[in-house]
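Structure record follows, encoded as structure tokens.
What follows is calculated from the coordinates using simple rules that are stated; it is not laboratory data. Everything numeric in this text was worked out from a predicted model, so none of it was measured. In this analysis, Cβ positions are derived from the backbone assuming ideal geometry, glycine residues included, and neighbour counts consider all displayed protein chains.
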Amino acid sequence: MRWSARQRQMLQVMGLRLWSRAAPPQSSPAPAAASAPAPAPADGASIERLDWPALREAVTTCRACELHRTRRQPVFGVGHAQAHWMVVGEAPGEQEDLQGEPFVGAAGQLLDQMLAALALTRAEQGPPAQRVFIANTLKCRPPRNRNPQPDELRACEPFLQRQIALVRPRIILAMGRFAIQSLLQSSEPVGKLRGRVHRYQGVPLVVTYHPAYLLRSPAEKARAWDDLCLAAQVLEQEAAPAAR
Ligand code: URA
């Protein structure tokens, strides 16, 4: 990868190393393809047939769990509909609930900086290879940012599954515990799952720390950056045979 002066500067500011091609990453054993979700109050079978406008409408009007009573608005997701990258976070916080867009608070600014260092943005137009679609595991803010409850995760799961099916990303970055729980059906901590390539429905998936955690634990930023570099490397390698 070629680094612009701005990207170099940004990485320097963050105290991160430049990404360069390295030895091929080890794949983890064949993925536990996400096992069938438990029955959800939202009708997963009908959600899996929705197109973008219908899916957005379904999220907007969803009342499948109690969070609809306390949310200001659901937060659907943002980005290019055919982005090569997909970032999956946890749930909207206060700012996201107010503005209707994921990752717009302090954690979002850090996420944007890290993505920019790989020349990626959440812009809805432009070349799909340089675009990211950002979605949350939960579309509605839990009161006082408490942890998502199992029934809320179950209810929201079909929406995220459909978003992934529509975007058809080439790489997924799962940020934090609840994204991992939903996509890999695993309760292992991030530290145990990061550093290797998993699969979600055949799509390579890299696990990394949630940006809000990185703000509290800046020493882990270098590891998160390594994870982004791993994702970039996987993408490049998976694209290589098709390019020949
Ligand atoms: N944290 C998340 O996981 N998602 C957001 O949208 C904001 C903060």
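Computed from the Kirkwood radius of its Cα pairs, the Stokes-Einstein diffusion coefficient for region 51-237 at 20 °C and 1.002 mPa s stands at 132 µm²/s.
Rounded to whole Hz and in sequence order, give me ³J(HN,Hα) for region 198-207 from the Karplus expression 6.51 cos²θ - 1.76 cosθ + 1.60, θ = phi - 60°, writing x for Gly and Pro. Coupling constants for region 198-207: 9, 9, 10, 6, x, 8, x, 9, 10, 9 Hz. Between R223 and Q113, full extension at 0.36 nm per residue minus the direct alpha carbon distance yields a gain of 38.1 nm.
Counted residue by residue at 0.36 nm each, then reduced by the alpha carbon distance between them, the extension gain from A54 to E124 reaches 23.4 nm.
For region 154-185, list residues with backbone N below 19 Å from a point placed 7 Å from the Cα of A81 toward its Cβ? Inside the label zone: 159-170. Residues whose amide H falls under 5 Å from that of V197, counting only those 5 or more places apart or on a different chain, are S28, with hydrogens built in the peptide plane.
Charged neighbours of S182, selected by a Cβ distance under 15 Å, balance to 0 (K, R count +1; D, E count -1). With the simple spin-label model, which puts each label point 7 Å out from Cα in the Cβ direction, the E66 to K192 separation comes to 2.9 nm.
If each residue of separation counts as 0.36 nm, what is the full-extension length gain between A240 and A106 once their alpha-carbon separation is subtracted? Please list the in-between numbers first.
Details: separation 134, 0.36 × 134 = 48.24 nm, distance 3.57 nm.
So the extension gain works out to 44.7 nm.
Of the GluC sites (Glu not before Pro) in region 40-85, the ones in a loop by DSSP (not H, G, I, E or B) with at most 16 other beta carbons within 10 Å are E48. Under a model in which nothing but the beta-carbon of Lys, Arg (+1) and Asp, Glu (-1) is charged, region 126-181 shows a dipole of about 140 debye around its Cα centre.
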